[in-house]
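This report concerns only the one structure given below.
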Amino acid sequence: MRIKRLYIFLLKTFLPLFVMTFGICLFIVLMQFLWKYIDEMVGKGLELSVLGEMFSYAALSLVPMALPLSVLLASLMTFGSLGEQFELLAMKAAGISLFRIMKPLVIVLCFVAVGAFYFQNNVIPPSQVKMWTLLFSMRQKSPELEIPESTFYSEIAGYNIYVEKKDRDGLLRNLMIYDYSEGFNNLQVIVADSGRLKMATNKLYLILSLYNGEAFENVKNQKSRERNTKSNDPVPYRKETFGMKEILIKYDANFSRADESLMQNRYIGKDLADLRKSIDSMTFSIDSVKELNATLLYNQSYKRSLNEYRYSPAATPPEPAGETAKELPDFDELYLSKTASARLSILTRAKSTFENMKNEYAFKSAILAGEEKEMRRHHTEMHKKFTLSFACLIFFFIGAPLGAIIRKGGLGMPTVISVLLFIFYYIIDSIGFKMASNGMWAPWEGMWLSSAVLLPLGIFLTYKAINDSVILDADTYIDGFKKWMGIRISRKIEKKEVIMFQLDYTSFRLRVAELKRQCESYLSANKRWIPYLTFWKHGGTDNPAAQIAAALEQLVEDGSNSDRNLLLNKLMDFPIIQAYRWTRLPIARRTSVLIGWFFPVGLPVYLAVVYRRRFLLSDLRSICRVCDELMDMIV
């Protein structure tokens, strides 16, 4: 079966944008990762191959964050551009629905979702293991040696070095070195006029050559080995004056990779099958430990001792009637019968026993809490493998209808909307992840929270786009605000070039008089304030106002067949009655009575109706005035 040209056109439009936006989004999140961990990479003399390897693993690990954003942005740009260039309108005019237009892209996104799941399950775990292992190895590497001027440098473990000035040939001037590698009690201070610092060939040691200086050192440990001294004896020290002195400092400047086995046993290095296996084993282990702790706590409690005393011997089971059970002693009498010292001893032992048990089980509870948190992280990681694929589909059904509605292509408006929606998604997803990892929610609830929030939005936007909604049209909201505030909407009536039905002015004048009579009758019979119970008794309907509005529209429509410019201009003075729509409710009479009796719900609706009636009565007075002027014009 050949692919339709329309589908080929849509694929050629969408796929290049998708590839471009994916590259841009991946680059942005990769830069964010770089700024976050730049201190771990810069200034340590790492080779470019190591940095490139780190960036490649980071790029693979950040695909789950860049993919949904790129789907949203590409779909917004595609359908926004089609709408802006009226290509989408031409497709709909040809009888092609929005679902058929989206069909090839939905199929492509289904393949993308399946590939995202495969990528999340098979590629992300080893790449994350390698990335975090490499990052840990970078953290362990010693920084590149670059001692600044006029600043204490403490990057060498056990040493604090001050250099006043550095010459171009590498000679250090006016050095001050604090050596606390053997502890602060054995502090050594070295002052020298100049010196040179170089790295050993094997990059495991620093060789510091000092010239013309003095060294001061405490010898407390050496002296204490020779004889025991009192605490108030002065601490001996040693002073040395040298012309040239070399110090060998241990400093490993080589880059060594850490073992990956530690990260592979964590949740980040496991696929779906390994996660399920780990969750089962951890659940069994935690349940067993909880049961064991409960048994030990019961055996150490007073309840077991009382039961053993009540039902002795232990081999004889207790009877329900309790006739064979022993009477429990009165502990208050036993306690008061003791001497004061014995009672104090009892209380002390009880308090000590209680505190020991409390500390013991607090420690066990902390261990269990750590294991449960690790199990929850396994759960969240398992659900994350599915949420990425689902998020791609949801973002497409948000971006495609939204682009069809706003009809703006390019990187301007779509980028702003995409970033705002993705920030909203990221905040919701982070909240759900925190709730799930902290145990406040079930793992599936927290991880699927963002999808549950965005899915109704996607359904709503798709529905509005199919029905050609103007949900993002500012004029729609401005007109609605004007109607609510009672701002008049003027009529526009133009003189017809060809009049099919000539206007009978005599009957038209009688209809104008009848309309005026209906308005005056309504004004005399209805006031602004309606009794609360009367309003709900009639179901909130206002049939007379609806009849007047219908008669007015029919009168204006028939009057537009006139060839008199003055009459046409006067017809435009008739107000457009919309207020009656706010004074009736499409509900049954019995239901309206129940709503009226349910006072907190019925009162706001009643007040809104009374507010709208003010505009209705004003419009009816305007109709009476225009009717008088029309009747004067028609003779």
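The values are calculated or read from the model by the stated rules, or taken from the named source; none is laboratory data. The shown structure was predicted, so the numbers you read here are calculated from the model rather than taken from an experiment. Neighbour counts run over all protein chains shown; Cβ positions are idealised from the backbone, glycine included. Surface accessibility is based on the protein's heavy atoms, side chains included, excluding ligands, DNA and RNA. Shrake-Rupley method; radii C 1.70, N 1.55, O 1.52, S 1.80 Å.
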Next item on the list: Using the structure shown, decide if L187 is aliphatic (A, V, I, L, M), farther than 13 Å from I249 by Cβ, open to solvent by 20 Å² or more (accessible area, probe 1.4 Å) and in contact (Cβ under 8 Å) with a residue 12 or more places away in the chain.
Entry: yes
Note to self: The conditions are (1) exposed (fewer than 14 other Cβ atoms within 10 Å of the Cβ); (2) at negative phi, and G95 fails exactly one of them. Which is it?
What the structure shows: (2)
Notebook entry, point to check: Considering segment 564-578 alone, what residues qualify as being open to solvent by 10 Å² or more (accessible area, probe 1.4 Å), of a type in the set (A, V, I, L, M, F, W, C) and in contact with a Ser or Thr (Cβ under 9 Å, 6 or more places away or on another chain)?
Noted result: M572, I576
Item checked: Set I346, I286: member being of a type in the set (A, V, I, L, M, F, W, C), part of a helix (DSSP H, G or I) and at pLDDT below 85 -> I346
Item checked: Count of segment 94-108 residues which are of a type in the set (A, V, I, L, M), part of a helix (DSSP H, G or I) and touching a residue at least 60 places away in the same chain (Cβ under 8 Å) -> 6
Item checked: Options L552, L568, L607, L620; residue that is more than 28 Å from K492 (Cα to Cα) and either at pLDDT 75 or above or touching a strand residue (DSSP E or B) at 6+ places or on another chain (Cβ under 7 Å) (or both) -> L607
Checklist line | Looking only at segment 269-283, and only at residues there that are part of a helix (DSSP H, G or I) and basic (K, R), the one that is most open to solvent (accessible area, probe 1.4 Å) | finding: K277
Margin query: I need every pair where a residue in segment 598-617 that is open to solvent by less than 20 Å² (accessible area, probe 1.4 Å) has its Cβ under 8 Å from the Cβ of a residue that is assigned to a helix (DSSP H, G or I) and at pLDDT 75 or above, sequence separation at least 6 or different chains.
Written below: L616/A545; L617/L523
Check: Picking from G195, G158, which residue would you name as being touching a strand residue (DSSP E or B) at 6+ places or on another chain (Cβ under 6 Å) and small (G, A, S)?
Finding: G195
Next item on the list: Sort through Y477, Y522 and tell me the only one that's assigned to a helix (DSSP H, G or I), modelled with pLDDT of 80 or more and out of contact with any Ser or Thr (no Cβ under 6 Å at 6 or more places or on another chain).
Entry: Y522
Margin query: Suppose we filter F136, F152, F111 for residues that are under 30 Å from D179 (Cα atoms), without any contact (Cβ under 8 Å) to a residue 60 or more places away in the chain and open to solvent by 60 Å² or more (accessible area, probe 1.4 Å); which single one remains?
Written below: F152
Next item on the list: Report the residue count in segment 38-89 for those that are outside any helix (DSSP H, G or I) and free of Cβ contacts under 8 Å to residues at least 60 places away in the same chain.
Entry: 3
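For (1) modelled with pLDDT of 85 or more; (2) surrounded by fewer than 14 Cβ atoms within 10 Å (Cβ to Cβ), each residue gets a yes or a no:
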| residue | (1), (2) |
| --- | --- |
| G183 | no, yes |
| G195 | yes, no |
| K203 | no, no |
| S209 | yes, no |
Next item on the list: Report yes if L69 is of a type in the set (A, V, I, L, M, F, W, C) and more than 31 Å from the chain's Cα centre (by Cα), otherwise no.
Entry: no
Margin query: Where the second residue is among the charged types (D, E, K, R) and the first is at pLDDT 85 or above and lies in segment 357-371, which pairs have Cβ atoms under 8 Å and are six or more apart or on separate chains?
Written below: L368/K290
Checklist line | M77, sole failed condition from (1) of a type in the set (A, V, I, L, M); (2) modelled with pLDDT under 90; (3) surrounded by 16 or more Cβ atoms within 10 Å (Cβ to Cβ) | finding: (2)
Check: What number of residues within segment 540-549 satisfy the criterion of being open to solvent by less than 10 Å² (accessible area, probe 1.4 Å) and either aromatic (F, W, Y) or modelled with pLDDT of 85 or more (or both)?
Finding: 2
Item checked: When residues of segment 1-19 are limited to those that are part of a helix (DSSP H, G or I) and free of Cβ contacts under 8 Å to residues at least 12 places away in the same chain, the one farthest from the chain's Cα centre (by Cα) -> R5
Next item on the list: Could you tell me which numbered condition D167 fails, if it satisfies all but one of (1) under 21 Å from E214 (Cβ atoms); (2) modelled with pLDDT of 85 or more?
Entry: (1)
Notebook entry, point to check: Of all residues in segment 305-343 being open to solvent by 90 Å² or more (accessible area, probe 1.4 Å) and among the aromatic types (F, W, Y), which is modelled with the highest pLDDT?
Noted result: F331
Next item on the list: Filter segment 386-440 down to the residues that are hydroxyl-bearing (S, T, Y) and surrounded by 14 or more Cβ atoms within 10 Å (Cβ to Cβ), then identify the one that is nearest to L105 (Cα to Cα).
Entry: S389
Note to self: Go through segment 114-133 and report how many residues are open to solvent by less than 40 Å² (accessible area, probe 1.4 Å), touching a residue at least 40 places away in the same chain (Cβ under 8 Å) and farther than 30 Å from K250 by Cβ.
What the structure shows: 8
